[in-house]
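Participant: Below: one structure in structure tokens.
The values are calculated or read from the model by the stated rules, or taken from the named source; none is laboratory data. Predicted, not measured: the structure shown is a model, and the values here were computed from it. Every residue, glycine among them, receives a Cβ derived from its backbone with ideal geometry; neighbour counts consider all protein chains shown.
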Amino acid sequence: MAWKPWQQAALLAGITFAVFSATLSADFVYDARMQILTGDFIHDWRNWLAVLTGRVLGMDVLDFNRPVMLASLMLDSAVWGRDPFGYHLTSVLMHVVNVILVWLVIRELTGGEGGTKQVLGPLLAALVFAVHPIVTEAVCEPTFREDLLVALCTLAALVLAMRHDPATPGFDTRRAIGCTGLCLVAIASKEAGIVAPMLLAASWWLFHRGEPGRFWAVTIGGAKLVVVAFLAARFLLEPSPSSIFESKPGYPGGSLAQAMLIEPRILALYAQLILFPVNLCADYGLASIAHLPLPVALGLLAAIAVAGAIAARYDRRLLFAYCMILLPLLPVANLIPIYRAAADRYLYLPMAGVAIAVACLLDAPWLIGRETLRQRILAGCMAVVAVLGMACIERQTVWASSLALWDDSYRKNPGSVTTATGLGEALREAGRLPEAEQFTREAIRLSNSERGDVWATLALILDEQGRAADSAAALAKALELEPRLSDPEARVKSLSMDGAMAEDLKRLLGTTKVGWPEREKTGY
């Protein structure tokens, strides 16, 4: 007996939740330590009015330009305070919803011409999205939840629009308003939400052009209008100067021209990570693309483009899948400077496109009548999903603690100041001081001795080893490079330092004479 749709959805939800259940016991790592543990904004109920009215767009706070993201964290804070369990639970549940939405989009696409009544193909394709290791970054780090929110709103808008019945009497007002509202929530979650109206337009162009166009014209036009209006407000109201965003992002390679020479290598890396998810890293750098020189990257991308064009010629559903893969990458293609040139979380929504492509291939017309071949392909797909699921569970252990995260990242990108600094700080917290000193000194070398915060970390490590003179010298160097370190509380308020380190630095400043003249000169 065939499974009913709700039973299929429940199966997907159960598998997804089970695979990510290990994340529920994880600590806060990476940016979550600052925004949730150290920062106070999301924990102050008085900030709700600013977030709900959009006034936060003009405030100097982290994620000022993502009020929906802030609201989601504030809801968690209201229930869980600073307990990581609740934040992880919310993210995992969002991912479960997104998996079901991907499955619903697949059902809409495979239920029409050339579709199949069998359920295994759509389920396996949705599971590729559910358990692929590359989605762990967005799911396991609560402050990267904005990518979950963008995907949730975009996919929900697509499902809502695809279910529009052109025979509906009058105008489908509620559906049009719902799609427009979801696009507004998407762009208010993260700038990547700009793709939501684009994907609605792609859906209309590929599948609904023969229908009466009023619903689609109003829905897509309204979606574009609210997205443009939000982006205009976001840039017009942006606080300047900012104590949080003290440094502006730069192009990889130093210029737009150099960035465009690096970008094909990044895209080739993304393709490799989707097909062979090995060497995933929380901080990609040039070492991450060393195996992909520009000619190789261009050749790989060309081969993918040709294969995609040929496949899409015979199945326009694949063209829609490619739109869902490529369009979300435009905002993070380094055409404008961004803080991270490459990241796994940028592939969260594109992975939905990958799942749709898999579903379309499993539903290909040339498989009709070849039941033995189809069963073998489905069995192979099941094996792939099982391997991906095991790799996903393994990858979650990396995001379970700061020490695990930075140890993994340093091994994969040892030339990064961020990874060396993070590993040094994590080792210090773990009480492994000689190793902490080793990696912090490596971070100093990689930064050409120009980072005051890294020198401050070294000062704390040396002090905890009882090397007072060396600690004082390191602290003096830190204050010389960054005099503002003499006021750790100000560093905490600007989310440049976590609370625990600030307390240790205040203690060190209070027991040494280093820094007091600087404090007088800078007014602290």
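Participant: Could you tell me whether any residue of the range 320-333 is in contact with a Ser or Thr (Cβ under 9 Å, 6 or more places away or on another chain), crowded, with 21+ Cβ neighbours inside 10 Å and under 28 Å from V29 (Cβ atoms)?
Facilitator: For the range 320-333, residues in contact with a Ser or Thr (Cβ under 9 Å, 6 or more places away or on another chain), crowded, with 21+ Cβ neighbours inside 10 Å and under 28 Å from V29 (Cβ atoms): present.
Participant: I'm checking my understanding of the structure. Among residues of the range 187-209 that are small (G, A, S) and assigned to a loop (DSSP other than H, G, I, E, B), which one is nearest to L73 (Cα to Cα)?
Facilitator: Only one residue fits best here, namely S189.
Participant: Might you check whether a residue that is over 23 Å from D498 (Cα atoms) and under 21 Å from the mean Cα position of the chain (by Cα) occurs anywhere in the range 32-53?
Facilitator: Initially, the range 32-53 is screened for residues over 23 Å from D498 (Cα atoms), giving 48-53.
Adding the requirement that they be under 21 Å from the mean Cα position of the chain (by Cα) leaves none.
No, the range 32-53 contains no residue that is over 23 Å from D498 (Cα atoms) and under 21 Å from the mean Cα position of the chain (by Cα).
Participant: Continuing with the same structure: Identify, by number, the condition in (1) surrounded by fewer than 15 Cβ atoms within 10 Å (Cβ to Cβ); (2) not assigned by TED's automatic domain parsing to the domain that holds T154 that P212 doesn't meet.
Facilitator: (2)
Participant: Test of understanding: among R484, R432, which residue is basic (K, R) and out of contact with any Gly (no Cβ under 9 Å at 6 or more places or on another chain)?
Facilitator: R432
Participant: Would a scan of the range 210-218 turn up a residue that is at pLDDT below 95, in contact with an Asp or Glu (Cβ under 6 Å, 6 or more places away or on another chain), of a type outside the set (V, I, T) and not in a loop (DSSP other than H, G, I, E, B)?
Facilitator: yes
Participant: While we're here: Can you tell me which residue in the range 473-492 is surrounded by the most Cβ atoms within 10 Å (Cβ to Cβ), limited to those that are of a type in the set (D, E, K, R) and in a helix (DSSP H, G or I)?
Facilitator: R491
Participant: Based on this model, can you work out whether T440 counts as farther than 26 Å from V61 by Cα and part of a helix (DSSP H, G or I)?
Facilitator: In short, yes.
Participant: Right, next: Taking interchain pairs and intrachain pairs at least six residues apart, which have beta carbon atoms under 7 angstrom, with the first residue in the range 194-207 and surrounded by fewer than 21 Cβ atoms within 10 Å (Cβ to Cβ) and the second among the aromatic types (F, W, Y) and in a helix (DSSP H, G or I)?
Facilitator: That search, which allows pairs on different chains as well, returns A202/F320; W204/W216; L206/F320.
Participant: So which residues in the range 56-67 are surrounded by fewer than 21 Cβ atoms within 10 Å (Cβ to Cβ) and assigned to a helix (DSSP H, G or I), if there are any at all?
Facilitator: Across the range 56-67, the qualifying residue is only G58.
Participant: In this structure, is I244 of a type in the set (V, I, T), over 24 Å from the mean Cα position of the chain (by Cα) and surrounded by 15 or more Cβ atoms within 10 Å (Cβ to Cβ)? Outline the logic, then answer.
Facilitator: Numbers: of a type in the set (V, I, T): yes; over 24 Å from the mean Cα position of the chain (by Cα): no; surrounded by 15 or more Cβ atoms within 10 Å (Cβ to Cβ): yes.
No.
Participant: Also: Every residue in the range 336-377 that is of a type in the set (A, V, I, L, M), assigned to a loop (DSSP other than H, G, I, E, B) and surrounded by fewer than 17 Cβ atoms within 10 Å (Cβ to Cβ), please.
Facilitator: Residues satisfying the conditions are I336, I368.
Participant: Taking the residues in the range 22-55 that are basic (K, R) and free of Cβ contacts under 8 Å to residues at least 40 places away in the same chain as candidates, determine which candidate is surrounded by the most Cβ atoms within 10 Å (Cβ to Cβ). Step through it out loud before you land on a result.
Facilitator: Narrowing the range 22-55 to residues basic (K, R): 33, 46, 55.
Now drop any that are not free of Cβ contacts under 8 Å to residues at least 40 places away in the same chain, which leaves 46, 55.
Values: R46: 7, R55: 14.
Step by step, filter the range 22-55, then rank; the result is R55.
Participant: Using the structure shown, decide if A400 is out of contact with any helix residue (DSSP H, G or I) (no Cβ under 6 Å at 6 or more places or on another chain) and either of a type in the set (A, V, I, L, M, F, W, C) or in contact (Cβ under 8 Å) with a residue 24 or more places away in the chain (or both). Don't jump to the end; show me each part of the working.
Facilitator: Numbers: out of contact with any helix residue (DSSP H, G or I) (no Cβ under 6 Å at 6 or more places or on another chain): yes; either of a type in the set (A, V, I, L, M, F, W, C) or in contact (Cβ under 8 Å) with a residue 24 or more places away in the chain (or both): yes.
Judged against the criteria, A400 is a match.
Participant: I'd like to verify a number: residues in the range 9-55 that are of a type in the set (F, W, Y) and assigned to a helix (DSSP H, G or I), how many?
Facilitator: Adding up the residues that qualify gives 4.
Participant: Follow-up question, since we're still on this one. Before we move on, is R234 at pLDDT below 95, crowded, with 16+ Cβ neighbours inside 10 Å and in a helix (DSSP H, G or I)?
Facilitator: Numbers: at pLDDT below 95: yes; crowded, with 16+ Cβ neighbours inside 10 Å: yes; in a helix (DSSP H, G or I): yes.
Considered against the rule, which asks whether it is at pLDDT below 95, crowded, with 16+ Cβ neighbours inside 10 Å and in a helix (DSSP H, G or I), R234 comes out as yes.
Participant: Just wondering, is there one or more residues in the range 322-333 that are more than 24 Å from the chain's Cα centre (by Cα), β-branched (V, I, T) and over 26 Å from V417 (Cβ atoms)? Working first, answer last.
Facilitator: We begin by selecting, within the range 322-333, every residue more than 24 Å from the chain's Cα centre (by Cα); these are none.
Among the residues of the range 322-333, not one is more than 24 Å from the chain's Cα centre (by Cα), β-branched (V, I, T) and over 26 Å from V417 (Cβ atoms), which makes the answer no.
Participant: Output the number of the condition that L275 fails; it satisfies all remaining conditions of (1) of a type in the set (A, V, I, L, M, F, W, C); (2) buried (at least 16 other Cβ atoms within 10 Å of the Cβ); (3) more than 25 Å from A186 (Cα to Cα).
Facilitator: (2)
Participant: When A307 is evaluated against the numbered criteria (1) farther than 28 Å from A156 by Cα; (2) at pLDDT 90 or above, which criterion, by number, is the only one it fails?
Facilitator: Unmet condition: (2).
Participant: Exactly one condition in (1) assigned to a loop (DSSP other than H, G, I, E, B); (2) more than 30 Å from V492 (Cβ to Cβ); (3) in contact with a Phe, Trp or Tyr (Cβ under 8 Å, 6 or more places away or on another chain); (4) at pLDDT below 90 is false for P249; which is it?
Facilitator: (2)
Participant: Additional query: Among the numbered criteria (1) under 11 Å from L12 (Cα atoms); (2) crowded, with 19+ Cβ neighbours inside 10 Å, which one does H132 miss?
Facilitator: Status for H132: all satisfied but (1).
Participant: Hey, among L225, L184, L109, which residue is of a type outside the set (D, E, K, R), surrounded by fewer than 17 Cβ atoms within 10 Å (Cβ to Cβ), assigned to a helix (DSSP H, G or I) and under 27 Å from the mean Cα position of the chain (by Cα)? Outline the logic, then answer.
Facilitator: Working: L184 fails: surrounded by fewer than 17 Cβ atoms within 10 Å (Cβ to Cβ); L109 fails: surrounded by fewer than 17 Cβ atoms within 10 Å (Cβ to Cβ).
From the options L225, L184, L109, the qualifying one is L225.
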